[in-house]
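What follows draws every value from the coordinates through simple rules; no lab data is involved. This structure is a prediction, so every number in the text was calculated from the model and none was measured. A quick note on method: Cβ atoms are made from the backbone with ideal geometry, for glycine too, and the neighbour counts reach across all protein chains shown.
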Amino acid sequence: MDRQPKTITLAHGGGGEESQQLIQQLFYRAFANELLLQAEDAAVLALNGEMAMTTDSFTVTPLQFNGGDIGELAVTGTVNDLAMMGAKPRYLSCAFMIEEGLAWSELETIVESMATMICEAGALLVCGDTKVVPKGCVDKLFITTTGIGEIMQQPYPSVKRLRSGDALIVSGDIGRHGTVILAARENMQLQTELASDCQLLWPAVEKLLSAGIECHALRDATRGGLSAVLNEWAQASQLGIEVREVDVPVSEPVQGLCELYGFDPFDLANEGTFVLSVPSAQAEQALALLQAIPHHEQAACIGRVTDEHVGKVVLTTPWGSQRYLELPKGELLPRIC
Ligand code: MG
């Protein structure tokens, strides 16, 4: 077999011999499975019952950060959206948009991260595409992933199932991914080893569902953070949401960086933290289940759904005053995921 080149060239996207080299030596080797290796124009899937499908593009900079890289993010971002519908991730597709000159070794590291994450998720990558564009047309690497998952429980979690009186739980401390990317961009040395929360959420959801927790609604608090999820839920359900600020877990480094830059931890992105709405009678059980899962020890009950102040999120501050928690405005930090 040809020796690996040091960098990706336009020829690797040309559909000829170099493209074959990239596909065989990198993608097939990392993602090998029977469906992918059929190498036809499309993968043929045998699907059963109701499925969920979602797609995302990833443009994060830097490509590698503390706690993950763009490859892990591309997998978790997509399969976590499936998990939020109560769906077990099954199949993924993936498209790479590569800038000419990207180091082969860097692409290899990222592809291997993806393969590990897909394997952990219990899913298969079944088809993909690669394009290489001239220098300057993209920044190093953009990835688009699409996922299909099998809905494991009916009725599946949905904002339509939010009920007045539901307890709201957050699965961990908020704002870590946003803070890590901000610190990396500013070349800032954090005093503690703060890592992105980038992780798979299906294992936690599966545990809740199999314990009989009625997850009325689930949503991962990605771009726009906790503020966006709660506001979207209040608006879509035509119910109100009440949150106690003191109960929302925020780590010290996240709080510190937010104070320095004037950000609100509620607005910062997470990549492995979700909000769930459960009947209040099940709140304690759901919380105990979550807190027993590694990386979810900080899970906390943060508030409730109410039929007052329809469409709004009301935050009770540590001093007992109340204010509306608004949707984040503008773009705090572009290219975060
Ligand atoms: Mg989502």
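Summary table below
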item	result
The stretch 79-152 shape via C-alpha gyration tensor axes, a/c threshold 1.5	prolate
Ordering of 258-265, 142-149 by burial proxy (mean other Cβ atoms within 10 Å per residue, highest first)	142-149, 258-265
Cβ-defined net charge surrounding Thr145, 12 Å radius [Lys, Arg +1; Asp, Glu -1]	-4
Extreme residue, positive dipole direction of the stretch 274-337, given options Thr317, Gly330, Leu290 (C-beta unit charges)	Gly330
Nonlocal amide H pairs with Leu124, under 5 Å, H built at 1.01 Å	Tyr91, Leu92
Residue order, fewest to most beta carbons within 10 Å, for Cys127, Cys119, Cys137, Cys94	Cys137, Cys119, Cys127, Cys94
Mean-position separation - Cα centroids, the stretch 208-273 and the stretch 318-333, in angstrom	11
Dipole magnitude of the stretch 185-264 about its Cα centre (Cβ charges: Lys, Arg +1; Asp, Glu -1), debye to nearest 20	220
The stretch 134-237 shape via C-alpha gyration tensor axes, a/c threshold 1.5	prolate
For the stretch 237-337: rounded, prolate or oblate by the Cα gyration tensor [a/c cutoff 1.5]	oblate
